[in-house]
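The values are calculated or read from the model by the stated rules, or taken from the named source; none is laboratory data. If you're wondering where the values come from, they're calculated on a predicted model, not measured in any experiment. Because the Cβ atoms are built from the backbone with ideal geometry, glycine has one as well, and the counts that use them run over all protein chains shown. The protein model used for the area step is the full one, side chains on, heavy atoms only, and it has no ligands, DNA or RNA in it. Shrake-Rupley method; radii C 1.70, N 1.55, O 1.52, S 1.80 Å.
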Amino acid sequence: MRAFIGSLLLLLSSYSLADAAALQAIDKQLSKPALLQGDFEQSKHIRILARPLISTGRFSVVRDQGVVWAIEQPMASQLIISAQGIEGADIGDNRAMGYIGKILNQLLSGDIAVLEQQFTITIQQQDESVWAITLLPRSSLLAKAISQIDLSGRQHIQHLLLHEASGDKTEVNFTALEESDSVPDSIAHVFTHKQ
Amino acid sequence: MYSPTSNKSARLAGALAKVWLLFFTALILLAVLYLPSVKPDTNILSLLPLEQQSPLIEKSQQQINKQWQNTVIWLAAGNTPNDAVTKARELEKTLKDSALFSELKLQWQPDNSSSLYPSLLAWRYQLLTAKDKAAINEDAAGFLQQRLQLLYSPVGMQYAMTLESDPFFTYGSYINGLMAKQDADLYDGVVILRDGELAYALIISQVAEQGFYGQKALAKLHGDITAEGNLGAGMPLYSAYGAASAEKEISLVGGFSVIAVILLMLWCFRSLLPLAMALTSIITGMLAAILACWLVFGHIHIITLAFGSSLIGITIDYSFHYFCDRLRKDCGSTMHSLRTVLPGIALGIGSSMIAYGILLLTPFPALQQIGLFTVAGLSAAWLTVVLLYPFVTQYMRLADNMPTPGVYAAYLYRWPQFCYRWRYILLLLVAVFLASGLSRLSSVDDIRQMQKPSPVVLEQEQKIISLGQQRQDSQYFIVSAATPDALLAKEQQLSQGLDKLQAQGKIQEYQALSRHLPSLQEQNDNWQLFQQKLFASGIFEQSMQQLAMQQESINNITESFMRSKDQQISIEQWLKALPSQWQDLWLACETQCSSIVRLTGIKDTQVLKDLAALADNTQLLFVDTVADINQMLKHYRHVAAGFLVLAFAVILIFLSAFAGWRRALKILIVPISAQLLALASLSLLGYGISMFHLFGLLLALGISMDYAIFHAMAKHPLTVAMAVLFSLFTSLLAFGLLATSATALIQAFGLSLALGIFFAFLLAPLINSNAKAERDVYYAP
């Protein structure tokens, strides 16, 4: 019996070791530029709505600062997600939303190490260029809201599928991705003026 | 010198001793019965004066203190949140094992917030935040559009989840408004605070009722935990550290006093019997003191004990006088000795009892206890000397010579001679000293003087506050009205004033029930608002159809809304669902309904005036307990000064009856000047004079009266001088050590007493009329 458990543990630990190495490889593969910009198309599947809610727009991820999420269709609005919280969502001090926002920030920044603190990450696919991972929340509190997050991409995250505990789904495709080493003032200003 | 006693004398001594034995046996019986249950009270709140407060204010105090009275928060430090949580789990186990806590919370459940959402859900169309209400009123379509934007954003998860029950997310934002703002992260359900590199995991604990040893254990535990880099703060720690430091002081003062007494007695009298007798009177005194305090008051505070340890130094005075007399060549029988010293020590204890007895008239528990403690202790020790000593010391042989008679002679004769010779210069010096000191007199009336918290605890608190854990201020409003609805309306009136102050930055925040609970009328209005602006107008249906909401769902929502039409939630129902911090704001309805409005982040003391201005003293009270108590301290400072003057007058009359008014006046000059000099010294040393200093001077008056009386009435000045010198030494030692106390109250007493009796001692021989005449030389033949 003991031998069996022992070998099982060995198997699990070696698996996680291998996993860790693979994750590190993905982490390396993800480029983390000073500024990442692109288009997004978000589909939100909500149970009581017959059609998914589709929004499109542009996003900007500034390393170590946060995310600017500019929705263009169907109605223009802008969300600014940073360490201070979320600006632009007219909901006031909402701790749950702030939390989700932080996770989104981490997801888009592609910081696997930070994500590992909050989620258990398993690798679904790893090729030469394409990878896909699944994140399961560690915290039981978070699991009440999010049941699973699927990510895939190459140098950047290209596809995000968020399964909510309620059964709703949020799917985002990222396209037209552009990297940049310098952050133009117009964008940097968005974060600094809040501090 | 040994001399045989007559039979009559011996029989009298024997009788007296039997009386003492009776008294002592009774004391022992009481001690056996009650001492084991005596537990020193370490709670600093028990020091607060027993004020005749209105029951309303008292109730509000209880509820407010209840929150924090037993709470200690701990922050376990780690390099990452994960690390911090692991450390916190270990810390939780340590805390649990200590058996000092009745409650430990690691997993954060912000006080039944998980049940909060469902419990008020039925009234979701009656409950509305002011902001949402205004927005719907102004532009309902625009409001809904904005809300729907949230659905499209990646963070609108909460809204999407509750779309069916809360179609406009008005209930969700209402509930968010109720929850405490916290700039903290939740990691695996544990609150994490960040400070640059470090992460802290929060544990909230409730301390169980503690006795003295529990308090000390708590202080030690806190010291150990914080030494590892963790943080811990809370009100119970004040008492815990207070207990630990008080114990140290008691040992210090008590220990040194006993050692000093032993050394002095041995050196001076070179025999064990005087020492044994001295210890007997000390023990009797202490027993009587503790029992009296416990039986009369039902508790004894650790501060009383700390002060009471100085009792050792003053009860020994009567023993000294007796034994010094026994050293005289022709001291006669022990009864004769007793009769010689009796007038002196009787007047002495009389004046001390009056002085300490006055403390019993104040409303401050600490002072009352100190008063009774000392009166009982002194009386018991005095009785021991008077009743027991003559009998037991009958056959005692003491060496016939006084050690170092030169010293007493110097004190008695040389010192007055010196003063007489240089009297003009000395008078000038004294005048300058008094003038400079008394002109600088400043007063201090601050309750924080009563117990300065240990610096360790303060430092921890500062750190925790800097991490964002703000605490509410101790000032607050009590609002009253006839009905709950009227109460809410009145609170809203107050809110207007408070909003202005908040906008000016004078206060940071305030918590009032009316900010979140609409009155019954308002609840109806809210429902009507939804009806007119969103449902009847068709905006709801249109928008949801645009979103492709299924028609069935749209109908369900509308029906559910219609059914909720006449719902109303009462204050009691609402409060039951809420976290305790909200419930504690409610003072229930008796003749009137009352509630508390709490304040956070009052900028400075100037703002207190603005706040007081908002009150009207009948329905709207502004309660500032700190200011009220300080006011009391000030009042009693004046009372103490009055007592001092009164005491002088009474003693003058009293003494005049005994010794004629001319002599009485001459005697009184000593304590009067002594107290003035002490006052000037305190002022020059930089102390603001507080009520405690003045009471200390009053006590010094009581004690220093003894010196003056002894000197004036001494038939044998040299032995008296010796006794006075010895008693001064022990008293000065005791009070001087008290002056090093960390507790400001005790320090004030110790310092005033030490200065008062020191100056009295210096001045006393100057008025001895026998000084020039007698020149006793007591050397062995």
Original post:
Can you name the residue in the range A:150-172 that is within 12 Å of the chain's Cα centre (by Cα) and in contact (Cβ under 8 Å) with a residue 60 or more places away in the chain and, of all such residues, is surrounded by the most Cβ atoms within 10 Å (Cβ to Cβ)?
Top reply: A:170
Subject >> residue B:311, sole failed condition from (1) farther than 29 Å from residue B:12 by Cα; (2) open to solvent by 10 Å² or more (accessible area, probe 1.4 Å); (3) within 35 Å of the chain's Cα centre (by Cα) >> reply: (2)
Original post:
Looking only at the range B:359-371, which residues are in a helix (DSSP H, G or I) and under 16 Å from residue B:302 (Cβ atoms)?
Top reply: B:365, B:366, B:367, B:368, B:369, B:370
Subject >> Candidates B:214, B:234, filtered to the one that is more than 10 Å from chain A (Cβ to nearest Cβ) and on the phi > 0 side of the Ramachandran plot >> reply: B:234
Original post:
Any chance the range B:383-406 includes a residue that's of a type in the set (A, V, I, L, M) and under 23 Å from residue B:758 (Cα atoms)?
Top reply: no
**OP:** Determine, yes or no, whether residue A:162 is out of contact with any Leu (no Cβ under 8 Å at 6 or more places or on another chain), modelled with pLDDT of 85 or more and under 21 Å from residue B:162 (Cβ atoms).
**Re:** yes
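Residue-wise test of (1) more than 30 Å from residue B:710 (Cα to Cα); (2) without any contact (Cβ under 8 Å) to a residue 40 or more places away in the chain; (3) part of a helix (DSSP H, G or I).
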| site | (1), (2), (3) |
| --- | --- |
| B:407 | no, no, yes |
| B:410 | no, yes, yes |
| B:415 | no, no, yes |
| B:433 | no, no, yes |
| B:463 | yes, no, yes |
| B:476 | yes, no, no |
| B:498 | yes, no, yes |
| B:502 | yes, yes, yes |
| B:507 | yes, no, no |
**OP:** Consider residue B:119 carefully, then state whether it is in contact with a helix residue (DSSP H, G or I) (Cβ under 7 Å, 6 or more places away or on another chain), away from chain A (no Cβ under 12 Å) and not aromatic (Phe, Trp, Tyr).
**Re:** yes
**OP:** Taking residue B:227 as meeting all but one of (1) surrounded by fewer than 16 Cβ atoms within 10 Å (Cβ to Cβ); (2) closer than 21 Å to residue B:374 by Cβ; (3) not hydroxyl-bearing (Ser, Thr, Tyr), write down the number of the exception.
**Re:** (2)
**OP:** Go through A:88, A:110, A:98 for me and flag whichever is out of contact with any Cys (no Cβ under 6 Å at 6 or more places or on another chain), at positive phi, among the small types (Gly, Ala, Ser) and surrounded by fewer than 21 Cβ atoms within 10 Å (Cβ to Cβ).
**Re:** A:88
**OP:** Kindly list the number of the only condition in (1) over 23 Å from residue B:697 (Cβ atoms); (2) part of a helix (DSSP H, G or I) that fails for residue B:377.
**Re:** (1)
**OP:** Check B:128, B:104, B:144 and return the single one that is away from chain A (no Cβ under 14 Å), over 21 Å from residue A:98 (Cα atoms) and touching a helix residue (DSSP H, G or I) at 6+ places or on another chain (Cβ under 7 Å).
**Re:** B:104
Original post:
What is the number of the single condition among (1) assigned to a strand (DSSP E or B); (2) facing chain B (nearest Cβ under 9 Å); (3) open to solvent by 70 Å² or more (accessible area, probe 1.4 Å) that residue A:58 does not meet?
Top reply: (2)
**OP:** Run residue B:404 past the list (1) among the hydroxyl-bearing types (Ser, Thr, Tyr); (2) modelled with pLDDT under 80; (3) open to solvent by less than 20 Å² (accessible area, probe 1.4 Å) and report the number of the one that doesn't hold.
**Re:** (3)
Original post:
Counting just the residues of the range A:67-79 that are surrounded by 19 or more Cβ atoms within 10 Å (Cβ to Cβ) and modelled with pLDDT of 85 or more, which one comes out farthest from the chain's Cα centre (by Cα)?
Top reply: A:71
**OP:** Name, by its number, the condition in (1) within 14 Å of another protein chain (Cβ to nearest Cβ); (2) in contact with a helix residue (DSSP H, G or I) (Cβ under 9 Å, 6 or more places away or on another chain); (3) without any contact (Cβ under 8 Å) to a residue 40 or more places away in the chain that does not hold for residue B:543.
**Re:** (3)
Subject >> Residue list for the range B:685-735, filter: open to solvent by less than 10 Å² (accessible area, probe 1.4 Å) and on the phi > 0 side of the Ramachandran plot >> reply: none
Original post:
List, please: which pairs have Cβ atoms under 8 Å, are six or more places apart or on different chains, and start with a residue in the range A:106-117 that is over 14 Å from residue A:28 (Cα atoms) and end with one that is polar (S, T, N, Q) and not in a helix (DSSP H, G or I)?
Top reply: A:117/B:80
Original post:
Does the range B:537-560 contain at least one residue that is over 30 Å from residue A:43 (Cβ atoms), among the hydrophobic types (A, V, I, L, M, F, W, C) and open to solvent by 20 Å² or more (accessible area, probe 1.4 Å)?
Top reply: no
**OP:** Name every residue in the range B:230-262 that is free of Cβ contacts under 8 Å to residues at least 24 places away in the same chain and open to solvent by less than 50 Å² (accessible area, probe 1.4 Å), in order of residue number.
**Re:** B:255
**OP:** Inspect the range B:213-222 for any residue being crowded, with 18+ Cβ neighbours inside 10 Å and of a type in the set (Phe, Trp, Tyr) and give the result as yes or no.
**Re:** no
